[in-house]
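The values are calculated or read from the model by the stated rules, or taken from the named source; none is laboratory data. These numbers come from a predicted model, not from an experiment. Cβ placement follows ideal geometry from the backbone for every residue including glycine, while neighbour counts extend to all protein chains displayed. Calculation scope for accessible area: heavy atoms of the full protein, side chains included, ligands and nucleic acids excluded. Shrake-Rupley method; radii C 1.70, N 1.55, O 1.52, S 1.80 Å.
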Amino acid sequence: MHEIVTLQFGQRANYLATHFWNLQESYFTYSENEESHIDHDVHFRPGVGADGSETYTPRTVLYDLKGGFGTLRKYNALYEIETSAADQGLWDGLEVIQRQVPIPQSDYQKSLDQGTTAPKLTSETVRYWSDFNRVFYHPRSIVQINDYELNSQIMPFEDWNIGEELFNDLDKEHDLLDRDVRPFAEECDQMRALQIFTGADDAWGGFSSRYIDRLRDEYGKKSIWVWAIEDGTKVQRHRQLKKDTSKAKSLYSIAPQSSLYVPVIDIPQKLPGYLQVDRQSQWQTTALLSSAVETVTMPSRLRPYHDFESSLAGDDGRHTIFELQSTINPKDKEESQTDEQTSKPETEFDIDFTYGGEHNKTVHIFNQVQVNRGGEFGTSSESQGNDIGHLRKLRLYNSQSMLQSYHTSLRFPVLDSFPHELYPKTEPGEGLRILAALTASTRTAERIKALESTAARTLAVDEREAMVNGLGELREAYEDGWSSGSDGDDD
């Protein structure tokens, strides 16, 4: 069934992945006469609850620090078992029980439990990523790391090397792959890929780096897709230098082991004026990012099966680092466009999630191949905006570089868990016209070169040479071999 197992490392990754899972849940259809265009078995697994009922939960493992899960419980309503009072132990004396004050459940979660109309979420009411979560997870999916506490000032989880050491210590004690990944992998008929959401400019970069080393050793031929999330907010110069060093380490350590490595900034510095984003809210910033991630990964779970990742690697398989770019059209602009206007052989990427700015170059499409044989994917009018457009495989060119990507158009569903402040004129149940693409170009070499320079200035002598040389080899793959114009028999 070409299943994908997902791993989530850290707060920012879990915010983004929560939006991702909410969207997957929204594609479910409950009418016998209506089949979803999404193959849910790619990302969800069947199971049996505590009462013997059938369950359907995400194929994912969530890692976060102590205090990072909010009100999310390891054993939810599907899996909790009624327990009697604890049996008397060997100790006959008095017991002193200390309980941590529980975090009050949000009104949104209460409404989901009670089946009532959900209240509108705001940046103030979303305290944790679990506050806007809409799905049940299997108990094996929840992994709390107790060695560090979220937002601790005494032991902050920021240094890349700390994350690396933490993984080594935990793996020696538990064998994390055997305990956490293997049960999900062995349930798959034909596991296709491992998808990873992780922070890249803090300690989670070091943690995921060593984790991916183990994954590559264990699942050598499987695809590994990495969404390396970076903090785009402005910080003091010494902290920014530390973050840039962590980015360099993550790129050097993870990209060579990955089939797809996408560094993404969770809040671009420049945004179109019609996007109203609270930059202090991870709920809002990752929602914007999720719209691009959801759109560009859509081919991986459409019916029928599409092997889109093999094309992303290019003809020589050298280019696995990609930029994430997206166009998000406001509703009033979308309605003013005619079919003739939207079908022109060109498109424009307004938001650059990799470099944090606007990318206003017009990219001309010289070669277009329709991948799906059945024409456009359509949905009924009752589908609440989940209108999946046609899937196209494109080879894109401009005057400076060759860009290759899968390009999908998607009527992005706006859920009640999604911040409507981003698109004030869009109501729940409606959809947005979003275009997104993964591209590889010579700009990637410029980014790597900047990280090379940072590593050369900040790293100790014993690791500087190896990292600078390694980054240099990655950079060379994006400096040579690019062409302009169109090849006659591409694709």
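Heavy-atom accessible surface of Asp51, to the nearest 10 Å², is about 120 Å², with a 1.4 Å probe and all protein chains retained. Loop-resident trypsin sites (Lys or Arg not before Pro) (DSSP state other than H, G, I, E or B) in the range 140-234 with no more than 15 further Cβ atoms inside 10 Å of their Cβ: Lys221, Lys234. Count charges around Gln240 for me, please; just the other residues with Cβ under 10 Å from its Cβ, Lys/Arg as +1, Asp/Glu as -1. Net charge around Gln240: +2. Note on the range 214-290: with neighbouring protein chains present and a 1.4 Å probe, carbon and sulfur make up 44 percent of its accessible heavy-atom surface.
Think of a 1.4 Å ball rolled over the protein heavy atoms: the range 227-284 then has 43 Å² of accessible area per residue.
Where in the range 188-227 does the label zone of Arg179 land, with the point 7 angstrom along Cα→C-beta and an amide N cut-off under 15 Å? Counting backbone N atoms under 15 Å from the label point, the list is 211. Counted by Cβ distance under 13 Å from Asn22, the other residues give a net charge of -3, where Lys and Arg count +1 and Asp and Glu count -1. Evaluating 6.51 cos²θ - 1.76 cosθ + 1.60 at θ = phi - 60° for every residue in the range 210-222, the Karplus couplings come out as 5, 5, 5, 4, 5, 4, 5, 5, 7, 10, x, 9, 7 Hz, glycine and proline recorded as x. Amide H contacts of Leu432 (H built 1.01 Å from N, in plane; Pro and chain starts excluded): Phe412, Val414 sit under 5 Å, all sequence-distant by 5 or more or on other chains.
May I ask which of Lys120/Lys243; Lys66/Lys110; Lys74/Lys249; Lys66/Lys222; Lys172/Lys234 have a Cα-Cα span longer than 26 Å here? Long pairs (Cα-Cα over 26 Å): Lys120/Lys243; Lys74/Lys249; Lys66/Lys222; Lys172/Lys234. Protein-only accessible surface at a 1.4 angstrom probe places the residues Tyr128, Tyr423 in the order Tyr128, Tyr423, largest first. The amide H of Ile142, built 1.01 Å from its N in the peptide plane, has Leu62 as neighbours under 5 Å, considering only residues 5 or more places off or on other chains.
The order of Glu3, Glu32 by accessible area, most exposed first and with a 1.4 Å probe, is Glu32, Glu3. Using a probe radius of 1.4 Å on heavy atoms only, what accessible surface per residue do you get for the range 1-159? Whole Å² is fine. Per-residue accessible area for the range 1-159 comes out at 57 Å².
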